[in-house]
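Let me begin by presenting the structure, written as structure tokens, before commenting on it.
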Amino acid sequence: MSLPVISIITPSFQQAAYLPECIASVSSQSRAITEHIVVDGGSTDGSERIIRERADQLHWWCSEKDRGQSHAINKGLEHATGSIFGWINSDDALLPDALHTVSEAFAQDPELLIFEGIRMVRQKDGSEEPSPLDDPSDTEALYYSPKIAQQSTFYALDKVNGIGGVDEALNYVMDYELWLQFLFRYGTDQLRIEPVRLALFRMHEDSKTDTVPDAFVDEMAGVLHGLCCAVELQDLAQLLSVGHELPNGLRGIPVSMAEQGRVSRMVVEFLLKWNRVIHSERRFNAMRMFLSTRHADAHLLSTEQQERQTVIADQVVGGSWLTFRAKRKWDHLWR
């Protein structure tokens, strides 16, 4: 059985402390045919020297100013020649033999489009634990509540290129958007999820997902807003616009009117998941609006969603944003 070539792309900026481990984790992969592409955004912390010293372990690299992480990934895709694509950030790493597992999965099933495994999370104190894995038997959850362990998720490269790479209008949820591009285009039959440990995700003070959660959620809202507009769910689109600062220029995901119910469920899950604790006037107003729509009907919600909705209603019903803030401050004072 011949193994396919796996193209691993690493976007990097000011991550010299982590680059050696990242590069070594790819070059040391056994029983796999790999090409590693490192795209540095013109770092000034010694990253270029580290990359240059390891150039013989890389398929291609550069260190020059770019327009951000998504642009860096797409620059790397221009030089990728494999049939499988994955990306790990420079502060992440692959685990031993991870790519052999991925290679075998794609070699055994030529129709496979996505392979996902377990991502280990290294906390700031050095402890490690596995992140939750998607349940392949719960097809709907793959749409409305995907885990998307980006470091341990691999795609058919020709399909990624056909989509146009990742969306450069996104800085945080390009993996979420790419996942939905695949699911809405190709469904879930050619997706495989296995409980095998493939990659390491490191939490630290400068982690993007650790320091800018609001921007992360706003970008998710932007992706969902595009889906709502495409299937004429104008009420939900308006809610997302009220509650979030939506990114401009998203490319859109092909979706038919037959998917309207699915998109509605995706947005409802998003709203109830990310607004359990209200922190801003925008989200306060959006959730008050949501509770008055047909989408908030308890008969349409799971038990867990009903519980979340009750928590949200306790915060936003019966007063203004100013009275809500005053009450919250008072509660904090008397804890």
The number of residues in the range 122-146 that are surrounded by fewer than 17 Cβ atoms within 10 Å (Cβ to Cβ) and either hydrophobic (A, V, I, L, M, F, W, C) or without any contact (Cβ under 8 Å) to a residue 60 or more places away in the chain (or both) is 11
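Test of understanding: among Gly117, Gly165, Gly126, which residue is at positive phi, touching a Leu at 6+ places or on another chain (Cβ under 6 Å) and not assigned by TED's automatic domain parsing to the domain that holds Leu301?
Within the list Gly117, Gly165, Gly126, the selection yields Gly165.
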query = In the range 297-309, is there at least one residue being closer than 24 Å to Lys147 by Cα and touching a residue at least 60 places away in the same chain (Cβ under 8 Å)?
reply = no
- Query: Do we find a residue being surrounded by 24 or more Cβ atoms within 10 Å (Cβ to Cβ), polar (S, T, N, Q), in the same structural domain as Tyr155 (by TED's automatic domain parsing) and under 30 Å from Arg192 (Cα atoms) anywhere in the range 78-91?
  - Reply: yes
Filtering the range 192-230 down to residues that are more than 15 Å from the chain's Cα centre (by Cα), farther than 25 Å from Asp135 by Cβ and at pLDDT 95 or above yields His225, Gly226, Cys228, Cys229, Ala230
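Considering only residues of the range 160-176 that are more than 19 Å from Thr139 (Cβ to Cβ) and part of a helix (DSSP H, G or I), which is nearest to the chain's Cα centre (by Cα)?
Asp175
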Taking the range 29-69 and keeping residues within 27 Å of Glu104 (Cα to Cα), exposed (fewer than 12 other Cβ atoms within 10 Å of the Cβ), in contact (Cβ under 8 Å) with a residue 24 or more places away in the chain and not basic (Lys, Arg) leaves Ser30
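Is it true that Arg54 is under 17 Å from Val26 (Cα atoms) and out of contact with any strand residue (DSSP E or B) (no Cβ under 8 Å at 6 or more places or on another chain)? Steps first, answer last, please.
On the way: under 17 Å from Val26 (Cα atoms): yes; out of contact with any strand residue (DSSP E or B) (no Cβ under 8 Å at 6 or more places or on another chain): yes.
So Arg54 passes the test.
The values are calculated or read from the model by the stated rules, or taken from the named source; none is laboratory data. In this text, all values refer to a predicted model and were calculated from it rather than measured experimentally. Cβ atoms come from the backbone with ideal geometry, glycine included; neighbour counts cover every protein chain shown.
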